[in-house]
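A.B. asks: The following block contains the structure, expressed as structure tokens.
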Amino acid sequence: MTQLLKVQNFVVSRDGFGAGENQSLERPFGHADPGEMFSWAGATASWPNRTDPGGSRGLDDYLTRDFHNNIGAEIMGRNKFSPHRGPWRDESWRGWWGERPPFRTPVFVLTHHPRPSFTLSDTTFHFVEGEPAAVLERAKAAAQGKDVRLGGGATTIREFLDADLVDTMHVAVSPVELGSGVPLWKSPEELLDRFHLDVVPSSSGVTHHLFWRR
């Protein structure tokens, strides 16, 4: 079976930014409020951090629940993993997610600065440098026949889009406007030369953009 490279549940603002400016330890999304951007997913019955019963059903819930379906590895940019820049002066940083990261697969972190792999629970982080196609081949091998998720951020997704490696993509467009930040696009129509697109509004306020290769 063909292994796909998939973008899943990636959220951008109404003006196309995947994160705000000035990322820091205290603000992983810069001046963007992740609670506001991801409120559609957090309200669903399938949100993994839900502590109370209930939650919404429908398309938002289906897409939240589908996040781990047939995923065998993830690729992410360094700034999704860490707020730090440059060489790893302190390797005690092990991600934003605590001792039980949500990925549960091998994760390939793109960086120009080498660092040893490490494992937390059932997630192993590998730090890799290379062209997108070469990194994807490593991730596909680690996925053992399953699909690979391209986790972001926006700059990393653009790199793989520009290399024509992305097979399917789900982007949730939030009604929030950021004004500046890390852009995924100026308009989703930029991708219509290579992708089909369905646009599905949700009662939660987001608009789901579902792309698949032509």
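The values are calculated or read from the model by the stated rules, or taken from the named source; none is laboratory data. The structure displayed is predicted, hence computed values, not measured ones. Here the Cβ positions follow ideal geometry from the backbone for every residue, glycine too, while neighbour counts run over all protein chains shown. To get the accessible areas, we keep the full protein, side chains included, count just its heavy atoms, and leave off ligands, DNA and RNA. Shrake-Rupley method; radii C 1.70, N 1.55, O 1.52, S 1.80 Å.
A.B. asks: Are there any pairs with C-beta distances below 9 angstrom linking a residue in the range 12-26 that is over 15 Å from Arg78 (Cα atoms) and touching a residue at least 12 places away in the same chain (Cβ under 8 Å) to a residue that is surrounded by fewer than 22 Cβ atoms within 10 Å (Cβ to Cβ) and among the basic types (Lys, Arg), with the two at least 6 apart or on different chains, and if so which?
C.D. replies: Cβ pairs passing all conditions: Asp15/Lys186; Gly16/Lys186; Gly20/Arg27.
A.B. asks: Hey, another quick one. Might you let me know whether the range 52-69 holds any residue that is farther than 28 Å from Asp147 by Cβ and among the acidic types (Asp, Glu)?
C.D. replies: yes
A.B. asks: Another one. Please find, among Thr123, Thr105, the residue that is among the β-branched types (Val, Ile, Thr) and in contact with a helix residue (DSSP H, G or I) (Cβ under 8 Å, 6 or more places away or on another chain).
C.D. replies: From the options Thr123, Thr105, the qualifying one is Thr105.
A.B. asks: Looking only at residues in the range 139-152 that are open to solvent by less than 50 Å² (accessible area, probe 1.4 Å) and at positive phi, which one is modelled with the lowest pLDDT?
C.D. replies: Ranking the qualifying residues of the range 139-152, first place goes to Gly152.
A.B. asks: Residues of the range 44-77 being over 18 Å from Val206 (Cβ atoms), open to solvent by less than 30 Å² (accessible area, probe 1.4 Å) and either without any contact (Cβ under 8 Å) to a residue 40 or more places away in the chain or of a type in the set (Val, Ile, Thr) (or both), which ones?
C.D. replies: Across the range 44-77, the qualifying residues are Ile71, Ile75.
A.B. asks: How many of the residues making up the range 14-28 are modelled with pLDDT of 95 or more and under 30 Å from Lys146 (Cα atoms)?
C.D. replies: Summing the residues that are modelled with pLDDT of 95 or more and under 30 Å from Lys146 (Cα atoms) in the range 14-28 gives 4.
A.B. asks: Can you pull out every residue in the range 82-138 that is polar (S, T, N, Q), surrounded by 15 or more Cβ atoms within 10 Å (Cβ to Cβ) and in a loop (DSSP other than H, G, I, E, B)?
C.D. replies: Ser82, Thr105, Thr111
A.B. asks: Looking at Thr155 and the list (1) closer than 23 Å to Trp88 by Cα; (2) open to solvent by less than 50 Å² (accessible area, probe 1.4 Å), which single condition is not satisfied?
C.D. replies: (2)
A.B. asks: Residue pairs, Cβ under 7 Å, 6 or more apart or interchain, first in the range 100-127 and closer than 12 Å to Gly72 by Cα, second among the small types (Gly, Ala, Ser). List them.
C.D. replies: Thr105/Gly72; Thr105/Ala73; Pro106/Ala73; Pro106/Ala142; Phe108/Ala73; Phe108/Ala139; Thr124/Ser117
A.B. asks: Limited to the range 159-203, what total is found for residues that are within 19 Å of Thr64 (Cα to Cα) and open to solvent by 60 Å² or more (accessible area, probe 1.4 Å)?
C.D. replies: Residues that pass the stated criteria total 5.
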